[in-house]
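> The structure under discussion is supplied below as structure tokens; questions concerning it will follow.
The values are calculated or read from the model by the stated rules, or taken from the named source; none is laboratory data. Quick caveat: nothing in here was measured; it's all calculated off a predicted structure. In this analysis, Cβ positions are derived from the backbone assuming ideal geometry, glycine residues included, and neighbour counts consider all displayed protein chains.
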Amino acid sequence: MTELCDLTATELAARLRAGETTSAEISASCLARIDAVDDHVRAFLTRTDDLAREQAAATDELLAGPNAEAAPAAGIPIALKDVLSTRGVRSTCGSKILETYVPPYDCTPWQWLRADGSVLLGKTNCDEFAMGSSNENSAFGPVHNPWDLDTVPGGSSGGSAAAVAAGMAVWALGTDTGGSVRQPASLSGVVGLKPTYGLVSRYGLIAFASSLDTVGTFTRSVRDAATLLSAIAGKDPMDATSLDTPRRDYTEGLVEGVRGLRVGVIREAFGEGVEPGVRDSVRAGVDALERLGATVGEVSLPHTDYALSAYYLIAPSEASSNLARYDGVRYGLRVDGSDSVQMMTRTRGAGFGAEVKRRIMLGTYALSAGYYEAYYGQAQKVRTLIIRDYEAAFANYDVLVSPTSPTAAFPIGAKVDDPLAMYLNDVFTIPANLSGMPAISIPSGLDGRGLPVGLQLTAPVLEESRLLRAAHALEDAIGFDARPALITELAA
Amino acid sequence: MPVEIDIEHVARLARLELTDEEKARLREQLGAILEHAAKVGEVAAEDVPPTAYAIPRSNVFRPDELAPSLPVEEVLANAPEAEADRFKVPRIVEVE
């Protein structure tokens with residue numbers, strides 16, 4: 001039996017408006033699912049059950065009222081990654097250094113969703129300060145993939161991905177700096193959208209790498225992704241990098257199909273290191289696009305190999321600067337010392353985990369006197385070359401296709417001692433962050449072990465409508481309807 | 001060749017206390033990561049301009065208008081130590 005928490009937001013919104021269910025019932029269904037499975041999955045760091053009941057009741061009242069005009073997100077329960085600030089609700093970034101931090105303001109995406117009548121279920125587990133590709137870098141323990149509890153859900157937004165995959169939330173927000181929405185979506189069998197850099201406000205997103213950070217969505221359908229994007233995208237004066245784009249409905253034109261669309265298959269994304277199960281599943285997706293009437297060709301992005309190197313200089317450099325704010329003065333942990341420098345040094349040594357220390361050290365080195373030009377300066381030039389690759393590709397193609405990640409979910413612990421092997425998870429997702437372009441991961445099927453595979457589509461800057469239209473047509477053709485065993489066993 | 005790093009110096013710049021074990025591990029791991037990252041130098045030619053932001057923006061201004069600040073009590077509730085509506089820090093100036 002399918003429970004309310006397993007339906008898409010689109011289906012739930014229709015039932016809400018038809019008076020067939022209430023937001024209170026939907027939230028209760030999600031909370032019951034969290035009770036049933038989250039001891040095993042560990043997707044949530046903080047639950048907000050009381051707030052959820054309160055917000056659901058308020059939205060039900062609004063929907064029953066005489067002016068029952070409600071936003072599509074009204075009454076739909078959501079989970080938010082713990083790097084997104086929520087007023088009065090602890091926001092830890094998965095770090096000991098912010099274990100007790102309670103933000104005095106809301107991030108803009110949640111402010112807008114809350115005003116629409118959205119319902120907060122809680123804050124989700126993630127790699128510390130969003131640094132990681134497996135969710136094993138959380139100071140509060142790893143998240144387990146609902147498809148196989150011994151494997152990782154991907155990261156850094158692993159909790160949000162797992163929550164949506166397991167029906168604990170109808171949809172969720174995460175953040176994507178180098179693939180942290182798309183890669184966990186891929187490994188967890190859900191839809192993950194990274195919008196154009198600057199389309200969604202980062203006000204209240206606790207910063208990691210400011211020239212790359214974006215807020216993205218986790219949903220169980222492409223239409224839901226378009227709906228959730230519509231609720232959070234648009235100009236925000238509180239974020240200086242926010243683009244001058246009007247609020248709009250991204251579900252418009254979603255069903256127009258891909259006939260005549262020029263699809264470029266990225267040659268470099270099917271080579272060495274890509275699991276055969278991933279390659280076959282994504283190739284089948286490409287064939288499906290062709291059958292739907294798209295024109296398919298192969299395209300080369302010659303600097304793909306260098307994107308990873310550039311990213312692991314640029315992101316840590318920006319992080320080392322952004323994370324300088326954790327100094328034991330205004331918020332978070334303080335470890336006492338004989339003077340202020342010793343206090344800061346001890347606080348940071350005790351408060352940050354291994355991966356965060358690694359990136360702060362890497363970034364500090366790359367920015368330090370004598371090395372800046374050789375590392376950070378050169379990486380910024382490579383960023384230009386990556387953008388030129390994409391511009392050349394988009395001269396001949398409308399969207400590009402690749403696997404989202406070279407592998408399906410891997411066992412917990414498999415890569416923790418080898419940072420370079422872990423960084424390779426992001427090899428296909430990083431270019432969209434370096435170039436600012438929108439990209440989406442949709443489930444393309446299961447591999448031989450029954451684990452989900454993700455297919456990534458990329459479009460030019462601000463071409464979200466084109467991206468979503470292609471993803472919607474492909475989703476429809478693939479007809480992915482598998483569910484994690486954890487959930488199907490629950491129903492049995 | 002793995003890159004040789006003065007870990008003590010970088011840790012000092014980053015205001016990061018590290019154990020001897022952490023230093024040894026970081027020296028090895030950062031050396032390997034930087035060796036890989038140094039590949040950027042192979043293609044970044046003189047005539048390629050650097051990109052700081054994929055979608056360049058400059059001089060983003062807003063009207064200079066008065067607005068309420070964040071509630072002082074809620075902000076200071078997060079401070080490790082506060083006194084008289086201020087953050088309290090260890091002594092930073094020595095008194096003669």
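> For region A:66-109, what are the residues that are under 22 Å from A:Thr214 (Cα atoms), hydrophobic (A, V, I, L, M, F, W, C), surrounded by fewer than 24 Cβ atoms within 10 Å (Cβ to Cβ) and touching a residue at least 60 places away in the same chain (Cβ under 8 Å)?
Result: no residue meets the conditions.
> Considering region A:346-356 alone, what residues qualify as being over 26 Å from A:Gly178 (Cβ atoms) and either buried (at least 22 other Cβ atoms within 10 Å of the Cβ) or more than 7 Å from every other protein chain (Cβ to nearest Cβ) (or both)?
Matches in region A:346-356: A:Thr347, A:Ala350.
> I'd like to check something: does region A:164-171 contain any residue that is under 20 Å from A:Ser281 (Cα atoms) and of a type in the set (A, V, I, L, M, F, W, C)?
Yes.
> Against the condition modelled with pLDDT of 95 or more, within 14 Å of another protein chain (Cβ to nearest Cβ) and surrounded by fewer than 24 Cβ atoms within 10 Å (Cβ to Cβ), how does A:Val461 come out, does it pass?
Yes.
> So A:Gly260 ticks every box in (1) surrounded by 24 or more Cβ atoms within 10 Å (Cβ to Cβ); (2) under 30 Å from A:Arg283 (Cβ atoms) but one. Which box is left unticked?
Among (1) surrounded by 24 or more Cβ atoms within 10 Å (Cβ to Cβ); (2) under 30 Å from A:Arg283 (Cβ atoms), the lone unmet condition for A:Gly260 is (1).
> Can A:Thr196 be described as among the hydroxyl-bearing types (Ser, Thr, Tyr), in contact with a Phe, Trp or Tyr (Cβ under 8 Å, 6 or more places away or on another chain) and buried (at least 24 other Cβ atoms within 10 Å of the Cβ)?
no
> For region A:131-165, what are the residues that are crowded, with 24+ Cβ neighbours inside 10 Å and in contact with a Phe, Trp or Tyr (Cβ under 8 Å, 6 or more places away or on another chain)?
Of everything in region A:131-165, those that are crowded, with 24+ Cβ neighbours inside 10 Å and in contact with a Phe, Trp or Tyr (Cβ under 8 Å, 6 or more places away or on another chain) turn out to be A:Met131, A:Ser133, A:Ser134, A:Val152, A:Ser157, A:Gly159, A:Ser160, A:Ala161, A:Ala163, A:Val164, A:Ala165.
> What is the number of the single condition among (1) modelled with pLDDT of 90 or more; (2) part of a loop (DSSP other than H, G, I, E, B); (3) out of contact with any helix residue (DSSP H, G or I) (no Cβ under 7 Å at 6 or more places or on another chain) that B:Pro50 does not meet?
It is condition (3) that B:Pro50 fails.
> Quick check: anything in region B:23-36 surrounded by fewer than 17 Cβ atoms within 10 Å (Cβ to Cβ) and closer than 30 Å to A:Asp244 by Cα?
Within region B:23-36, not a single residue is surrounded by fewer than 17 Cβ atoms within 10 Å (Cβ to Cβ) and closer than 30 Å to A:Asp244 by Cα.
Table: residues versus (1) in a loop (DSSP other than H, G, I, E, B); (2) more than 26 Å from the chain's Cα centre (by Cα); (3) more than 7 Å from chain B (Cβ to nearest Cβ).
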site: A:Glu298; (1), (2), (3): no, yes, yes
site: A:Leu301; (1), (2), (3): yes, no, yes
site: A:Ala310; (1), (2), (3): no, no, no
site: A:Leu313; (1), (2), (3): no, no, no
site: A:Ser320; (1), (2), (3): no, no, no
site: A:Leu323; (1), (2), (3): no, no, yes
site: A:Val329; (1), (2), (3): yes, yes, no
site: A:Val335; (1), (2), (3): yes, yes, yes
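> For B:His9, only one of the following conditions fails: (1) within 7 Å of another protein chain (Cβ to nearest Cβ); (2) within 18 Å of A:Pro316 (Cα to Cα); (3) assigned to a helix (DSSP H, G or I). What is its number?
Failed condition: (1).
Conditions tested, residue by residue: (1) within 25 Å of the chain's Cα centre (by Cα); (2) surrounded by fewer than 24 Cβ atoms within 10 Å (Cβ to Cβ); (3) of a type outside the set (A, V, I, L, M, F, W, C); (4) outside any helix (DSSP H, G or I).
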| site | (1), (2), (3), (4) |
| --- | --- |
| A:Met361 | no, no, no, no |
| A:Ala366 | no, no, no, no |
| A:Gly370 | no, yes, yes, yes |
| A:Lys381 | no, yes, yes, no |
| A:Phe394 | yes, yes, no, no |
| A:Ser402 | yes, no, yes, yes |
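> Please pick out the residue among B:Ala67, B:Ala82, B:Ala38 that is farther than 30 Å from A:Asn433 by Cβ, more than 7 Å from chain A (Cβ to nearest Cβ), within 25 Å of the chain's Cα centre (by Cα) and of a type in the set (Gly, Ala, Ser).
B:Ala82
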